[in-house]
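Input: a single structure, listed below in structure tokens.
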Amino acid sequence: MFVEDGKMSYKKKYSSCLLCHDAPCSRVCSKVDPARILRALRFENIEAAIHQIPDDFDRSWVEEAERVCPADVKIGDILEDLKDRSKLEEYPDMDQIDLSCDICGVKLENPFLLSSSVVASNYEMCARAFDMGWAGASFKTISLMEMHEASPRFSAVRSPQGAWYGFKNIEQLSDHSVEENMECFRKLKEKYPTKVIIASIMGRNEEEWEYLARKVTEAGADVIECNFSCPNMEERGTGSDMGQVPEIVRQYTIATRRGSHLPILAKMTPNITDITVPALAAIEGGADGIAAINTIKSITGVNLETLVAYPSVHGRSMIGGYSGRAVKPIGLRMISQLATCPGLEGKHISGMGGIVTWRDAAEYLLLGAGSLQITTAVMEYGYRIIDDLISGLKIYLSLRSHHSVGEIIGEGLDALVENDMLERDTIVFPSFNKDRCVGCGRCYISCRDGGHQAIGFDEETRKPVLHGSRCVGCQLCSLVCPSGAIRPSKRITRRAKSKE
């Protein structure tokens with residue numbers, strides 16, 4: 001049985017962990033690694049955290065770790081809670097789980113790649129990521145254009161706990177020369193022959209696309225990714241401007257194919273009504289697969305004192321690319337559209353957009369992605385997230401009796417239907433756990449002011465009361481309940497709807 005993060009009693013206790021580099025708690029603790037356990041919890045890899053607790057764990061082991069923690073995390077409470085749960089959980093055998101997959105026939109040791117961005121922009125960075133377990137990298141986009149970057153060039157929308165919820169960048173392409181980047185490719189392939197190098201390129205005309213394709217092929221790239229999607233380009237008519245015009249996408253894909261025999265991915269912009277239109281044009285031009293999504297044009301906010309949007313560059317700003325957790329629902333929607341599009345059957349899809357945890361990764365795989373690319377989560381937390389991406393995905397596959405990652409690719413697509421095909425003749429009422437209910441009345445307020453006035457509030461017991469004849473089963477109440485006291489009950493036909 002899978003452990004759901006939202007049900008864990010210690011969630012608030014570990015959420016204050018700072019995820020320190022060279023964490024002091026682990027430095028002073030010889031019998032257990034508190035920092036690694038807390039990181040697993042933060043990245044929703046709860047089964048892995050549980051089974052890092054030795055059977056003979058004693059709270060005294062972490063007394064010094066608690067003392068040196070800069071965030072005053074109650075490490076002892078968390079580990080004792082985990083130890084109690086470990087007796088109830090059957091740890092899966094992950095040795096037989098195969099995470100290998102491929103991009104258009106090019107083998108990946110696991111689905112996880114760095115996406116084309118600052119996180120994969122030089123030899124040292126990619127080498128460190130490869131050493132930690134990443135299967136490959138889509139190198140920061142190479143072009144013949146001279147880059148002039150702004151400072152600052154990032155802004156973030158934060159969750160109440162301080163983590164990035166959404167992230168905006170106004171950064172462009174690689175500021176290294178073509179030859180400097182080619183030398184990185186050669187060095188990486190020499191030291192890491194089994195790691196996959198995706199060469200992201202962007203040209204301004206057919207000659208540049210063909211030239212760049214030829215250069216990266218000669219330097220040892222495994223796959224080419226055509227960047228038709230960067231929203232931040234200083235030079236007009238490039239980046240996402242190209243990606244919104246199917247004929248230009250087709251034309252430049254043809255030029256890229258002339259320059260290389262390698263598999264070609266076309267990286268699509270989400271800043272378009274129907275992502276499948278340019279994707280089909282890329283396939284017609286010779287692309288072997290699609291990468292999606294790039295960042296979404298955005299403004300993250302405005303400084304109310306200076307009246308300048310973020311980030312402010314000498315008193316001005318610009319619309320930039322939005323990424324992070326907030327874009328995952330849009331990324332999943334577009335991946336599913338690509339995966340079900342007639343004309344794209346059998347074409348590889350490299351999915352990206354808001355992947356932070358193994359759960360996010362699994363969702364992209366279930367909706368048709370065959371490989372996964374990540375940037376924003378690495379920018380916030382570092383390459384080390386690969387540990388929990390890999391172990392979490394392996395545990396998920398094992399607990400579902402799968403043996404390879406390929407078994408789940410596209411498995412969630414059949415349940416997606418058109419509006420008129422959705423079943424609408426049954427209803428699911430909320431079920432209230434009065435022992436868990438804290439009497440806050442949040443469900444009552446939301447149903448009264450944003451629902452169907454189906455919940456009353458008993459002032460004596462300080463508990464909600466369901467009026468079944470008014471309830472439509474929307475489950476708004478379960479979504480707002482802060483204590484997890486409301487859950488869906490059994491689905492029934494509308495004729496059997498209960499009376500007040």
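Just so you know, all these numbers are worked out from the coordinates, no wet-lab data involved. For clarity, every value in this text was computed on a predicted model and none was experimentally measured. Neighbour counts are summed over all protein chains in view; Cβ atoms, including those assigned to glycine, are modelled from backbone coordinates with ideal geometry.
Results, tabulated for the structure shown:
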{"read-out": "Cβ-based net charge around Phe457, under 12 Å, with every Lys or Arg adding one and every Asp or Glu removing one", "value": "+1"}
{"read-out": "Low-density loop positions, GluC sites (Glu not before Pro), segment 305-367 - DSSP coil, at most 11 other Cβ in 10 Å", "value": "Glu305, Glu345"}
{"read-out": "Base-10 log of normalised Debye intensity for segment 353-465 (one unit scatterer per alpha-carbon) at q = 0.10, 0.14 Å⁻¹", "value": "-0.59, -0.87"}
{"read-out": "Segment 27-106 - charge dipole about Cα centre, Lys and Arg +1 at Cβ, Asp and Glu -1, debye rounded to 20", "value": "420 debye"}
{"read-out": "Segment 225-291 versus segment 114-188: alpha-carbon centroid distance in Å", "value": "20 Å"}
{"read-out": "Degrees, to the nearest 10: 75-86 long Cα axis against longest axis of the chain", "value": "80 degrees"}
{"read-out": "Label point distance in nm, Ser100-Asp435, each placed 7 Å from Cα along Cα→Cβ", "value": "4.9 nm"}
{"read-out": "Length gained when the stretch Thr273-Arg491 is fully extended (0.36 nm per residue, less Cα-Cα span)", "value": "74.9 nm"}
{"read-out": "Counted charge near Leu344, where neighbours are those whose Cβ lies closer than 12 Å (Asp, Glu -1; Lys, Arg +1)", "value": "-2"}
{"read-out": "Residue-by-residue Karplus 3J(HN,Hα) for segment 401-416, coefficients 6.51, -1.76, 1.60, Hz, glycine and proline x", "value": "6, 8, 10, 8, 5, x, 5, 9, 5, x, 5, x, 6, 4, 7, 8"}
{"read-out": "Mean residue ellipticity (222 nm) of the chain, computed from DSSP H runs ≥ 4 via -39,500 (n - 2.57), nearest 500", "value": "-9000 deg cm²/dmol"}
{"read-out": "Dipole magnitude of segment 377-500, debye to nearest 20 (Cβ charges: Lys/Arg +1, Asp/Glu -1, about Cα centre)", "value": "640 debye"}
{"read-out": "Degrees separating the helix 386-399 axis from the principal Cα axis of the chain, which is the longest one", "value": "60 degrees"}
{"read-out": "Options Thr357, Asn232, Phe112, ranked by Cα towards positive dipole end of the chain, top entry (Cβ charges)", "value": "Thr357"}
{"read-out": "Cα gyration tensor category, rounded, prolate or oblate, for segment 5-86 with a/c compared to 1.5", "value": "oblate"}
{"read-out": "Difference of contour (0.36 nm per residue) and Cα-Cα distance, Arg333 to Glu423", "value": "30.4 nm"}
{"read-out": "Two-site label geometry, Asp84 and Thr306: point separation in nm, points 7 Å out along Cα→Cβ", "value": "5.0 nm"}
{"read-out": "16 Å reach of a label modelled at Tyr123, 7 Å along Cα-to-Cβ, counting backbone N of segment 165-179", "value": "176-179"}
{"read-out": "Table column - 3J(HN,Hα) (Hz), segment 270-284, Karplus curve with 6.51, -1.76, 1.60, x for Gly and Pro", "value": "x, 7, 7, 5, 10, 5, 6, 5, x, 5, 5, 5, 5, 5, 4"}
{"read-out": "Segment 462-470 - phi-based ³J(HN,Hα) in whole Hz, Karplus 6.51/-1.76/1.60, Gly and Pro as x", "value": "6, 10, x, 10, 7, 9, x, 5, 9"}
{"read-out": "Neighbour-count order for Asp387, Asp449, fewest beta carbons within 10 angstrom listed first", "value": "Asp449, Asp387"}
{"read-out": "Under-5 Å amide H pairs with Tyr165, H placed in peptide plane, nonlocal only", "value": "Val157, Arg158, Ser159"}
{"read-out": "Rel. contact order, % - alpha carbon contacts under 8 angstrom, at least six apart, segment 90-225", "value": "24 percent"}
{"read-out": "Efficiency of FRET between Glu180 and Lys107 - r from beta-carbon atoms, R0 22 angstrom, step 0.05", "value": "0.20"}
{"read-out": "Neighbour-limited loop hits for trypsin sites (Lys or Arg not before Pro), segment 330-435 (at most 11 other Cβ within 10 Å; DSSP other than H, G, I, E, B)", "value": "Arg424, Lys434"}
{"read-out": "Amide hydrogen neighbours beyond the local backbone of Ala291, cut-off 5 Å, H modeled", "value": "Ala266, Lys267, Met268, Ser350"}
{"read-out": "Nearest-20 debye value, segment 101-408 charge dipole, Cβ charges on Lys, Arg, Asp, Glu", "value": "640 debye"}
{"read-out": "Positive-pole candidate from Met94, Val428, Pro160, dipole of the chain, charges at beta carbon", "value": "Val428"}
{"read-out": "Most positive-pole-ward Cα, Ile395, Ile330, Gln475, against dipole of the chain from beta carbon charges", "value": "Gln475"}
{"read-out": "DSSP-assigned coil residues among trypsin sites (Lys or Arg not before Pro) in segment 57-112, each with at most 12 further Cβ atoms within 10 Å", "value": "Lys87"}
{"read-out": "Angle between the chain longest axis and helix 123-132 axis [Cα atoms, degrees, rounded to 10]", "value": "40 degrees"}
{"read-out": "Amide H partners (placed H, <5 Å) of Arg204, local residues excluded", "value": "Trp209"}
{"read-out": "Length added when fully stretched, Arg258-Lys187, from 0.36 nm per residue minus Cα-Cα", "value": "23.0 nm"}
{"read-out": "Cβ-Cβ FRET estimate between Arg236 and Arg442, R0 fixed at 56 Å, reported to 0.05", "value": "0.70"}
